[in-house]
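Notes to accompany the following structure.
Values in this text are rule-based calculations from the coordinates and carry no lab data. The shown structure was predicted, so the numbers you read here are calculated from the model rather than taken from an experiment. Heads up, the Cβs are rebuilt from the backbone with ideal geometry, glycines too, and the neighbour counts pull from every protein chain shown.
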Amino acid sequence: MSFRVPSSTPPSTPDARRSARSQHPSTTPAGPPPTFLTNNSFTPAGLPPSSAFGSSQLPTFSSTNKQPIFNPVNRPSGALQRRPLSFDPFERGQNGGEEVSRGRTGYRAPGSSPPRFEADGDAEEEDDVEYEDEGEEGDSGDAMEEDEYEEDYTQQSRRSIQSRGGNESIYSTPRSLKRSRLGSSLRRSTALEGKSAQELDMVRQDITAVAKGLVASAPRAQLRESDDLILETDRVVSELAELERPDEESLKKVAQKIHHLWDRNFEINSRIGPDNQADGITKANFVGSLLLQLHHPSTPKIQTRPRPSTLDLYRQSQGVKTESCIPKVLLDWLNTYHNPGRSDIEDILKQEEGFSAHEMFWDSIYSSVLRGNFQNALKLLKGADLSVAAIAFEDGMEDGYHGRQLESANKCIDRAIELIQRCPAVRSNDWDVKNTEWSLYRREVEDALRSLRKASGENFQEDETQAFEASNFGISNRSNGFGLSAADRRAESQVPLAVVENLTDLYKILRGDPDDILNSCMDWLEAVITLTVWWDGEDEVIPPGAGSLAQSRMSLLRSKQIRLADVTPLVAYRQRLASSLALVMDGYEVLQPLNKASPVEVGLACAVFDSVEGALSIIQRWSMPYSIALVEMASAGDWLNDGITTSKSVMRGFDQSDLMVLSYGQQESSGIKRDDLLSEYADLIASKDTLQSSKSMIKKEGWELAIQILSRLDNPDLATSRIDALLDRLSLTSEDRVDKILHICHTLDLSHQAETIAEKYATTLSSTTKSYGSALYYFALAHRPHKIKETTDLLITLCLTHSTSFPPLSSLDTRLKSLIKHTPSSLTALADTDPTAAESLAKYLSGYATIREFYDLRDDTHTTSTSAPQPLTPTQQKKKASHTLLTAILSAASSIRGGLYDPADLSVVPVDALPTLLGEALPFIDRTPRVLSLQQLMALLRVAEDLQTVSAAVAEGGRGLLGACMKAYNSSTSAAVGGMGASAYSIGGSEGSGVLVSVSNSGEGTGEKEMAQVRRGWDWRQGVARGDVDEVIRLLRLGVAREVGRAWVEGEES
């Protein structure tokens, strides 16, 4: 370091740039000045004791515009050798320089030995660098002396006011106490260089542990939200599930919908957040709204002015982004949810006299500027009227400022108004505080601050042409060897010093000084957010967990003069928030520090630290629906587990075996388990009977919404098991309920669960009811073809047992009637939703439909198509019935061709029905006129031959069915037997008028008692004595032989 003087003229060097700037080149040799040129003491321990010199020792003050007058020339790189003295009580700064502790005077001890210089060709360039470093250190020293002045000035002001009996109430306000104008100084160094990533991660873990500890013993949240809120939240969240790869704009839209849906107003006071009596929805929204804004900020896009710099060209190449106004997002949130000073501003604006007469005038200006409410600040400054200023007491004025003091003070106020009006946020609504325009504005504020200090006469006692300071030795020179007292300074100042100090604080806030921002904040929340808002984008912190690659990227960006705050602003601002909160928690004194016993404040701190786990652990105790909305947003935005990427798109290309290999040996994640939260929420929803929206016609049962929630689980096995367990608890009481369940399952792509429900319900129907059509329909939906065949086989067996259509037309259920009478349209409607089900149902239903059609034709109970030109004649009807019957016989015999049974041939008519079907064919044989053709007669003969040669095990089923058919006939009461009776099989038998039969219970539990009296066209069983298979085949062979012989006699050939 070099000697400094309060002159703005740098020393003369061979550098042409310095020569151009220098008006009074220095001829001082490259070494320390002789001691006779300075009046300061070289005592290294600072000030001598007051007992030695009495109380006449006055404080000295340094200015901000002092520049070093002694600067060594021809200094080579690395030639400066610092050798500490044997006594060095001063600390060394982080940058390797010396931070000299200052007392309240100008005495300073040397920090090092005089530098040694060597000639080098690069001296000029090195000299420039050294000059800049000295200027920075000079600014640091000025700031320290300024703090000393404020403390001296504060004490003397207090004594002055007390001696005059002045009112000190204006200094008892919270912000005034915080800024310590009349009390002990709370100010501490807040360079805010930031903690390391590891330190921030440790603090984040600590606050997360506190959050978990607060809710460890708390009861689980119950569903207290309205049905409207639950249903609407689920609708909004479902939009995320429909997006396979949601982009940022889509996420922002969903986040806005969640915010508007859950936003609740609460009374804002000095407390942070809602009070303990507030409902859980209000508390959850207070914490969650900040979490959403930190990850998906939603404010109008702001176009910033292009700048001809590399950095701004990079910004412009990225297009207009909402991230550029993150400070505006934070301020909007702060002003909406935490603005305890709003009432103070309203009170001041109601003042009939000047606003400056109010005790909270200046604090309200600070608060307005900190919170971006520049219009309020301008309104207060324009209506200040310092002639009634309350702070005039500090300058010895009883009733405000007057005369020259008032005139000069008004000029400074006008300058402040003009400066605020030139702020980019006021002028062009530009809230990108880290851009170039704001950097230029901060320089303008710095110039205004220098002008203000100069106007206050801060440097009037210094001789700029002779005074100098030797920083290496802690020597400073004043024109008279002593600084002026606060009283003398006040007397010589051109502007009231109280106004100067308040405007100085205002300018420092505009400049973004962390110390002054913190000193103007009421509580930790205001401090954290405003420190982040007024950040200039420097000193980024590497995110926790970032490896060498991230560090290398940061180094590369710095080398290209591109900051991470410009590349990834959201991440940078979240890191800045965490660093700011760590600073406040690390010991900086605020009026309202973080209350770790308050769930609201701890949850908010977790949101600031980006600890999603900690915030959600608290929010889910307040409101499960809101916590689920946050979890879904975090999962879609890949920030669920504190920034750890868990994107489904990354893992989409791996199957379960790949994921198992990739996760082998890894410890189980301790973050938020989304599936656990969704499962817990689904259980709560399932406990509700129905959810009805009052604003629309939406009505859902609890299980319905619960299934939708469980379908979103990441683990498919867990989702399947939970949904299965939920569906098992449901009672399947009606087709409408089952259809609703199936529709939901298909909508959510839960085909397995849909098939399970359909099969369960169909089994219940087939075993407990006579709704055979519904059973067939749901077995088809369950994709159980063997179940369909079992049901159709049962219906065919019942038809053959009673030799009639079963169930009768009057007892058909709606679905079976539709399937039989309107087969094409019914199957087409089913094929539109499930082609596989329609195909299976059409296949196996055809056998039953064929046999039923035969009985309907025989008994003349079929429904004639309206498109038919005229009804069928008895002969036509009989021929059609015989053709239909022969089709069924050939289908049943397809599995025993050649007398060999083929189990793979799943015919639509069971082979067990073959003997009974041959019995039904007996009335069509040996008839005059002949009903069957020779080809059909030979087909019947071939079937009879196969039945006789097949194995006994296969034929046994047919014997049993034939026996049941004869038993049902023999147990009935016959009446009015017509021509198709015992002589029905004789040649020349009449057509017969029919038989009236009362059908009794067959003993099979089929419920034939419900059948009405059936009018049959004929009954083949009347002409059979024993009714066994052998008799049926014998009668069939005999009849076929007669028919064929008669045909050959008549000359007919097959």
Residues of the range 1016-1051 with amide N under 12 Å of a point placed 7 Å along Cα→Cβ from Asn970 = 1025-1028
In Hz, Karplus ³J(HN,Hα) per residue of the range 701-706 (6.51, -1.76, 1.60; θ = phi - 60°; x = Gly, Pro) = 7, x, 5, 4, 5, 5
task = Would you mind checking which residues have amide H under 5 Å from Glu701's amide H? H placed 1.01 Å from N; only 5 or more apart, or other chain.
result = Leu691
remark   = Among Lys328/Lys673; Lys770/Lys843; Lys740/Lys821; Lys740/Lys843; Lys760/Lys817, the pairs whose Cα-Cα distance exceeds 29 Å are Lys328/Lys673
task = Treat each spin label as a single point 7 Å out from the Cα along the C-beta direction, and report the Lys699 to Thr733 distance in nm.
result = 1.4 nm
task = Please work out the C-alpha center-to-center distance from the range 365-436 to the range 832-850 and express it in whole Å.
result = 86 Å
query = Given H placed on each backbone N at 1.01 Å, which residues far from Val1014 in sequence or on other chains put an amide H within less than 5 Å of it?
reply = Val997, Val999
query = Alpha carbon centre of the range 789-817 versus the range 876-930: separation in Å?
reply = 18 Å
key: Derived scalar couplings ³J(HN,Hα) [the range 224-238; Karplus, 6.51 cos²θ - 1.76 cosθ + 1.60; whole Hz; x for Gly, Pro]   = 9, 6, 6, 4, 4, 5, 5, 5, 5, 4, 5, 5, 5, 5, 5
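Sorted by average packing, counted as other Cβ atoms within 10 angstrom per residue and highest first, what order do 688-697, 1019-1028 take?
Details: 688-697: 11.9, 1019-1028: 18.3.
For the peptides 688-697, 1019-1028, the packing ranking is 1019-1028, 688-697.
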query = Under a 5 Å amide H to amide H cut-off, with H placed in plane at 1.01 Å, what residues pair with Asp263 once short-range neighbours are removed?
reply = none
Hz values of 3J(HN,Hα) by residue in the range 402-417 - Karplus curve (6.51, -1.76, 1.60), Gly and Pro given as x = 8, x, 4, 4, 5, 5, 5, 5, 5, 4, 5, 5, 4, 5, 5, 4
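Give me the extension gain from Lys350 to Ser721: residue separation times 0.36 nm, minus the current Cα-Cα distance, reported in nm with one decimal. Intermediate results must be reported in sequence, preceding the final value.
Numbers: separation 371, 0.36 × 371 = 133.56 nm, distance 6.59 nm.
Roughly 127.0 nm would be gained on extension.
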